[in-house]
Structures are given as C-alpha cells and as structure tokens.
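The values are calculated or read from the model by the stated rules, or taken from the named source; none is laboratory data. Note that the structure is a prediction, hence the values are computed from the model and not measured. Quick reminder, even Gly has a Cβ in these numbers, built from the backbone with ideal geometry, and neighbours come from all protein chains shown.
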Amino acid sequence: MNNSNLLEIDGSFGEGGGAILRLGAAYSVLFKHPIRIYNIRANRPKPGLRLQHQIGLKALSEISSSYLSPCGVGTEEITLTPNSKSEIKNYLELNVSTAASIGLLLQPVQIASLGFRKPQKIEIFIKGGGTFGKWAPSVNYLKEVTYKILERSGLKIDLDILKHGFYPKGGAQVRCIIHPPKKAVKPINLIELGNVDLIQGEIIISNQLQRNRDNIGSRIKKSIQQQLRRYDKFETDIRYTWVESISPGVGASLWAHTNTGVIISTGTYLGEIKLSSEKLGANIAQELLHYIQNEIPVDKFLSDQLIPLMGYATEPSTIKVSEITNHTWTNLELIKLFTNREYKILKNDNYHLIIFK
C-alpha cells in the first residue's frame, strides 16, 4: 500500500461522530480512493470505534473485498484500501450482539453499491441489532421513503423485516437485498412538493406494552388523525402493529405521497416513558404538517442520505430542504474530498436549495 496516496480525514471535524466513519469508508470504496481516518470520535465521552462502527466497517470491507486495518472497540485510527478489481461478494451474514441501528449498519454498503455493477444482487442477513433507535433511520423509514427515492435513480434495495428490535437488547432479524445500478445512476431533482395525495403511517409496538384497556396504537393513530384534520381532509392509511421483541418499545412514522412523486416524511419517532400516546401522535403529525405547510419536498432525515447519490451522479441534481443539518454538512464536506463536483447552497426565508452542477 502506498501511504502517500492515502486521503487523510480528521474524524473529529464537523459533528465528529460515527457519520464521518460511515461516509468516509463508503466514499473510499465508491470512488476507489484509499483513506486514513484519525481522531475517530475524539470529542466523544468514549473516543474511538464502538462495536457498531466496527461491524459496519468490517461488513463494507468484506462485501467489497477491501483491505481494512486491524481495528476493535476503542480504535482511534483506521485505514481502508479499496480492491481495484471490483470483486464484490453476493452474500454476507452479520451477527450483532447490541441494539446497534440496522439502518446505520447498512449505510456504508448502501452508498458504496452505487458504484457496483456486479453481481446482480447482494444479500445481507442481519441477526441482532435494532430496527428502531435514537438518532438513526428506522428500517420502516428506509423501506417506505429512502429506498423508494433511491430506486428512481437506479439503486434498488429490498428489506424484509423478520423481527423488530428495540433498545437496549436489540434482537432484530432483517434481510436486505441490494440490486446495484445496471446503468449510470440518474440525478435527483426534488424541488416542488406538489399536492398531497395520501398520508400513510406505521406504528410498531412491542407486545410487552399490550394492555386490555389501553390500546397505545389506536391512541397514537387517533391523535395523528385529529391533528391532520385540523389542517386539511387528507386521505390517510395509518396502521399499527403489535410485534414480538426482546425489549419493549414503540416506533412510529408518517410519510406523504404527492402528485409530483415526492415522498415527504417525519422520520422516526420513538415512544418514551413520560410521553403520552396522544402527545407522541401530535408531535408526529405536526412534523409532517410543517413540511407540507412550507412546501418542503425533502425532509431533514432524507437530505443527507441523498448527498452521496447527488455527488456521484454525473448530471445536475437539486433538492429543496428546510434546513442544512449537521449530518448534511458533514456529507457535503466529505464529498468534496473525493470528487471535483461543484455544489452550492441557496438560502431563502424558509428553505435551502442544495445544487450539484
């Protein structure tokens, strides 16, 4: 390995968390540029890799047959050298002993697969981990929003949720099948919200919380519908499902389809001990109404997930967002290290345009 060719990335810059690891490693494989990441999570109470970061990095290196330097929990520096021959494995099984977010574990492979051309599909079976977790996209959100938007550009990802998992024990089971793009990926242009055709939602509740006289699901659903009716007579399809899970938990999200092909979402909300079902439902509905009222077509949780595709596509892309989140900034800063694609941000009173030329 030629160390002079390594791209040096300071893991403490920006939000200084696990996102730099996931994105930096993914871009390394996508753009076939070896990297060294140092000062990993240097500003965190427990610096260095956590187990979930280690699992994600090893999954990416194994799938892509890339070289990953020896690493473990607490490691503060790693190097990754992509395999120049594009030898991609078609199956990987991951065992996760914690409630680590499955959505975040899949993110590096998801991004890197934008550049894969073979095999026709890659299957990843994950045993353990969490389908819901704080500060992470739930698998429901990925399935109903992120992956449906990515599919329009050529990257198709199917998720089969066999068992849900919540903090602290996890215990989920998920099968993910990635179909790499057969052609050059298409750009993303999401500028106009359009008219809302349908609002859908899913509320997942573990069986430990099921009580005869206190149906959490129906209370959350009723509260959501009450809030939505105050604004407009939207057509809704909101369902709640009781599931087996090792740890108790509640996870919920809404997403709206519009006549311009937009899917705008609330992201994922979690139940909390001191938060009533009615308040949880109201919070979720108000989040969605904020986007609709301000005509925002890309929610703050989707924006950073679209930056890799926008930076990799050769044609111009533009998205309209309500804010530039820390994760979006980190993504934009990292993409500049790997590509000469130019982008700009135009700020207006209640929205921003992110434009890749």
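Summed over segment 324-350, residues that are closer than 22 Å to Val262 by Cβ, exposed (fewer than 14 other Cβ atoms within 10 Å of the Cβ) and of a type outside the set (Lys, Arg) total 5. Could you please let me know if Ile35 is more than 24 Å from Lys182 (Cα to Cα) and either in contact with a Ser or Thr (Cβ under 6 Å, 6 or more places away or on another chain) or surrounded by 16 or more Cβ atoms within 10 Å (Cβ to Cβ) (or both)? The answer is yes for Ile35.
A single entry from Ser113, Ser86, Ser12, Ser28 fulfils the requirement of being within 22 Å of Leu309 (Cα to Cα), of a type outside the set (Phe, Trp, Tyr) and free of Cβ contacts under 8 Å to residues at least 40 places away in the same chain: Ser86. Residues of segment 89-100 that are in contact (Cβ under 8 Å) with a residue 40 or more places away in the chain and touching a helix residue (DSSP H, G or I) at 6+ places or on another chain (Cβ under 7 Å): Val96, Thr98, Ala100. When each of Ile63, Ile122, Ile20, Ile111 is tested for being outside the structural domain of Gly170 (by TED's automatic domain parsing), modelled with pLDDT of 95 or more and not acidic (Asp, Glu), the lone residue that passes is Ile63. Test Pro181 against the stated conditions and say whether it is under 25 Å from Gly133 (Cβ atoms), touching a residue at least 12 places away in the same chain (Cβ under 8 Å) and part of a loop (DSSP other than H, G, I, E, B). Against the criterion (under 25 Å from Gly133 (Cβ atoms), touching a residue at least 12 places away in the same chain (Cβ under 8 Å) and part of a loop (DSSP other than H, G, I, E, B)), Pro181 does not qualify. Of the residues making up segment 99-141, those that are buried (at least 24 other Cβ atoms within 10 Å of the Cβ), among the small types (Gly, Ala, Ser) and within 12 Å of the chain's Cα centre (by Cα) number 4. Looking only at segment 200-223, filter to residues that are closer than 30 Å to Gly261 by Cβ and touching an Asp or Glu at 6+ places or on another chain (Cβ under 7 Å); which one of those is surrounded by the most Cβ atoms within 10 Å (Cβ to Cβ)? Residue satisfying both the conditions and the ranking: Ser223.
Matching residues to (1) within 18 Å of the chain's Cα centre (by Cα); (2) part of a strand (DSSP E or B); (3) among the hydrophobic types (A, V, I, L, M, F, W, C):
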{"site": "Asn283", "(1), (2), (3)": "no, no, no"}
{"site": "Phe301", "(1), (2), (3)": "yes, no, yes"}
{"site": "Pro308", "(1), (2), (3)": "yes, no, no"}
{"site": "Thr314", "(1), (2), (3)": "no, no, no"}
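I'd like the residue in segment 56-70 that is under 24 Å from the mean Cα position of the chain (by Cα) and not in a helix (DSSP H, G or I) and, out of all such residues, is surrounded by the most Cβ atoms within 10 Å (Cβ to Cβ). By that ranking, first place goes to Ser66. Please list, ordered by first then second residue, the pairs with beta carbon atoms under 7 Å, 6 or more apart or interchain, first in segment 192-215 and more than 26 Å from Thr131 (Cα to Cα), second assigned to a strand (DSSP E or B) and hydrophobic (A, V, I, L, M, F, W, C). Listed by first residue and then by second, the contacts come to Leu193/Ile264; Val196/Ala256.
Going residue by residue through segment 15-27, is there one that turns out to be buried (at least 20 other Cβ atoms within 10 Å of the Cβ), part of a strand (DSSP E or B) and among the hydrophobic types (A, V, I, L, M, F, W, C)? Looking for residues that are buried (at least 20 other Cβ atoms within 10 Å of the Cβ), part of a strand (DSSP E or B) and among the hydrophobic types (A, V, I, L, M, F, W, C), one finds none in segment 15-27, hence no. The listed residues are Leu106, Leu94, and the only one of them that is in a strand (DSSP E or B) and of a type outside the set (S, T, N, Q) turns out to be Leu94.
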